[in-house]
Amino acid sequence: GLHLLSLVDDILDLSGAQSGELRLELTAVDLPEVVAECRAMLECDAASRQIAWVSEWPAQGTRVHADRKRVKQILVNLLSNAVKYSHAGGRIELQSRREGDRVFLTVADEGVGIPPARFQQLFQPFQRLGAQGGRVSGTGLGLALSRQLARAMGGDIVAAPRPERGTCFTLQLPAA
């Protein structure tokens, strides 16, 4: 029941973001604080798989002008994907930087990675890139919704393969 409710909520959020009808409460959001909350939610899963967190934050400039609830929704999705797709004993790297009026948060995992030919499908709804039926559960809505939410707040999400292995997602939002 909870899974279906979550799926319906995601579909409604995605529809609202695509149609421009999503209500946002834009304020100054402390990015490290929200990341810490999201990490705490995922700590048990990460610990059970012996996944280490590595964070690098600048001394200042990590506040974004965004909707706190939606930033948290995006980060929970990116971090939970990193935990789910990383190898046991791996690590997840979090880095934040500010460039001009933009703040960038990078989430890099040490998972199996995404074939380069599939990157163009990554942010399409219900696209699991061949992971359906595998050990990782999901609906294929998280990344599509996250990108739409980021764009609704004046930002974006991009993905890139990591040379070693895994995938790197970068959330970009306006600085506060």
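The values are calculated or read from the model by the stated rules, or taken from the named source; none is laboratory data. Fair warning: this is a prediction, and the values are worked out from it, not measured in the lab. For neighbour counting, all protein chains shown are included, and Cβ atoms are generated from backbone atoms with ideal geometry for every residue, glycine included. Surface areas here come from the heavy atoms of the whole protein model, side chains and all, with no ligands, DNA or RNA. Shrake-Rupley method; radii C 1.70, N 1.55, O 1.52, S 1.80 Å.
Numerical summary
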{"item": "Solvent exposure of segment 34-88 as accessible area per residue, Å², 1.4 Å probe", "result": "49 Å²"}
{"item": "Residues whose placed amide H lies under 5 Å from that of ILE51, excluding near-sequence neighbours", "result": "GLY89"}
{"item": "Two-site label geometry, ASP45 and ASP30: point separation in nm, points 7 Å out along Cα→Cβ", "result": "2.5 nm"}
{"item": "Segments 43-54, 149-160 sorted - mean Cβ within 10 Å per residue, highest first", "result": "149-160, 43-54"}
